[in-house]
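J.: For reference, the structure I am asking about is given below.
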Amino acid sequence: PTQLIQMNIESRLKVLLPDDVGAALMDGVVLCHLANHICPRSVASIHVPSPAVPKLSMAKCRRNVENFLDACKKLGVPQETRCLNASVSSYDVSYHLPLFHHIFTLMLFLLLGSSWMRVF
């Protein structure tokens, strides 16, 4: 499932993700862009790295992830499929499983539209 998620994100956002997809998603930037791709302006503010400051602070990463989760809530992603903030901001591989499930749910939403709830 991780490769499928990676391919979907890359094709929709026109980006290349590194092999460690979980680490690439932890700052929340790609997640916020994904939410905005599904529903424009669902995330109003995204903290992105700059050439001067190439790594976001943990506070900005956490804010991006919170904005992403809020957008998912607004999009109608059920509570039980939404991952916890810790799932994204942790380097522990075991926490990436809920994150990938969550992103897979968003991909279903994107691909199936309003009929996606019937899948569950």
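J.: Can you tell which of Ser42, Ser11 is more than 20 Å from Val77 (Cα to Cα) and out of contact with any Ser or Thr (no Cβ under 7 Å at 6 or more places or on another chain)?
T.: Testing whether each residue is more than 20 Å from Val77 (Cα to Cα) and out of contact with any Ser or Thr (no Cβ under 7 Å at 6 or more places or on another chain) leaves just Ser11.
J.: Would you confirm, using the coordinates I've provided, whether Cys61 is within 17 Å of Ile9 (Cβ to Cβ), hydrophobic (A, V, I, L, M, F, W, C), at pLDDT 90 or above and in a helix (DSSP H, G or I)? Reasoning before the result, please.
T.: On the way: within 17 Å of Ile9 (Cβ to Cβ): no; hydrophobic (A, V, I, L, M, F, W, C): yes; at pLDDT 90 or above: yes; in a helix (DSSP H, G or I): yes.
Considered against the rule, which asks whether it is within 17 Å of Ile9 (Cβ to Cβ), hydrophobic (A, V, I, L, M, F, W, C), at pLDDT 90 or above and in a helix (DSSP H, G or I), Cys61 comes out as no.
J.: I'm trying to understand the selection: among the residues of region 44-71, which are of a type in the set (D, E, K, R), surrounded by 11 or more Cβ atoms within 10 Å (Cβ to Cβ) and closer than 18 Å to Gly22 by Cα?
T.: Taking region 44-71 as the starting set, the residues that turn out to be of a type in the set (D, E, K, R) are 55, 60, 62-63, 66, 70.
If we keep only those that are surrounded by 11 or more Cβ atoms within 10 Å (Cβ to Cβ) as well, we get 60, 62-63, 66, 70.
Lys60, Arg62, Arg63, Glu66, listed by residue number.
J.: Go through region 5-27 and report how many residues are touching a helix residue (DSSP H, G or I) at 6+ places or on another chain (Cβ under 8 Å) and assigned to a helix (DSSP H, G or I).
T.: 10
J.: Conditions: (1) assigned to a helix (DSSP H, G or I); (2) modelled with pLDDT of 90 or more; (3) more than 22 Å from Leu4 (Cβ to Cβ); (4) not hydroxyl-bearing (Ser, Thr, Tyr). Val30 meets all but one. Number of the miss?
T.: Tallying (1) assigned to a helix (DSSP H, G or I); (2) modelled with pLDDT of 90 or more; (3) more than 22 Å from Leu4 (Cβ to Cβ); (4) not hydroxyl-bearing (Ser, Thr, Tyr), Val30 fails exactly one: (3).
J.: Taking region 36-57, which residues are part of a helix (DSSP H, G or I) and modelled with pLDDT under 90?
T.: Scanning region 36-57 gives a single hit, Ile38.
The values are calculated or read from the model by the stated rules, or taken from the named source; none is laboratory data. Just so you know, these numbers come straight off a predicted model, no measurement behind them. Positions of Cβ are generated from backbone atoms using ideal geometry, with glycine treated the same way; all protein chains shown enter the neighbour counts.
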